[in-house]
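Please read the structure below before turning to the comments.
Read the figures in this text as sums done on the coordinates, not as results from a lab. Since the structure is predicted, the reported quantities are computational estimates derived from the model, not experimental observations. Cβ placement follows ideal geometry from the backbone for every residue including glycine, while neighbour counts extend to all protein chains displayed.
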Amino acid sequence: MNNKQARWLLLIILSLVWGSSFILLKKALIHLDPIQVGALRIIFTGLSLFLVGFKNITKVTKKQWYYITITALLGTFFPAFLFSFAVQSIDSSIVSILNSLTPLNTLLVGTFFFGFSFLRKQYIGVIIGLIGALFLILKGAELNPGQNYMYALFVVIASIGYAFNVNILKKHLDDLNALTIVTGNFIIIFIPALIILWWTDFFEISYIKGAESSLWYLVLLSVFGTAMAKTLFTKLIQISSPIFSSSVTYIIPIVAIIWGVIDGERLHLGQILAGFLILFGVYLTNKGK
């Protein structure tokens, strides 16, 4: 299989896995709070990665550890908590649509911080995408007054972190094995996650009693939605461009919306149109070379 075929296969697999991760996150939050979910997601993922990727970590140089630390914080640590708070407060399908801002932010970050070229067509795509995101947030707040759409900003912030992560991986860590990079990420953030979890009430026996189902959802999310998916995504970045890689968010909302509807979430026509507006903006930014 050549790189062109491989990158499309990885894109489809990641879209299905990450598209399903939002409903798993929602289910995990039934018995656990966002801080616990974020910390446990990191811990479970780290444990699964250490079993298979720890032996490769000796290949990492001091300079590479610097960039691995930055990508660990911006691409994994902070987003794990930001998405947990967002999914707890607004519909998971809306969170997945807002996550589609990642390619737009990848382009902006790549242009202003990493020196990538920026065409007029792509400017227009960014503006269209941001208008769609603003409309989606405002319409969601109008239709769901009981939901706090200020948490939608958490998704936007996380997508900016993802944008820096993608560009740093492509520019500074392209010569490292994907599994080595992801394992290194979790070596950096594993202990901080343990400390954060320790300061919650998770270890109280009375609390854990009703949380078994949430823990199983988290295990699935961590092993497949984070450990496996992040390794595949890092590989995708290495065999394609940052913009192509972040275009995984094209398909993610479709999968997430299907799961959301099955779970009883409702989408207004205006929200669907706003979602298409975001994706059209992403399409324009991705089309330019």
Check: Can you tell me which residue in region 8-26 is farthest from Ile97 (Cα to Cα), limited to those that are buried (at least 19 other Cβ atoms within 10 Å of the Cβ) and over 13 Å from the mean Cα position of the chain (by Cα)?
Finding: Leu10
Next item on the list: Confirm whether Phe113 is without any contact (Cβ under 8 Å) to a residue 60 or more places away in the chain, surrounded by fewer than 17 Cβ atoms within 10 Å (Cβ to Cβ) and touching a Phe, Trp or Tyr at 6+ places or on another chain (Cβ under 8 Å).
Entry: yes
Notebook entry, point to check: Do we find that Leu232 is outside any helix (DSSP H, G or I) and of a type in the set (A, V, I, L, M) in this structure?
Noted result: no
Check: Which residue out of Ile157, Ile127 is of a type in the set (Val, Ile, Thr), surrounded by fewer than 20 Cβ atoms within 10 Å (Cβ to Cβ), touching a residue at least 24 places away in the same chain (Cβ under 8 Å) and under 21 Å from Ala80 (Cβ atoms)?
Finding: Ile157
Item checked: Those residues of region 87-120 which are of a type in the set (Ser, Thr, Tyr) and over 16 Å from the mean Cα position of the chain (by Cα), in sequence order -> Ser89, Thr111, Ser117
Notebook entry, point to check: Among the residues of region 141-154, which ones are aliphatic (A, V, I, L, M) and either crowded, with 21+ Cβ neighbours inside 10 Å or not in a helix (DSSP H, G or I) (or both)?
Noted result: Ala152
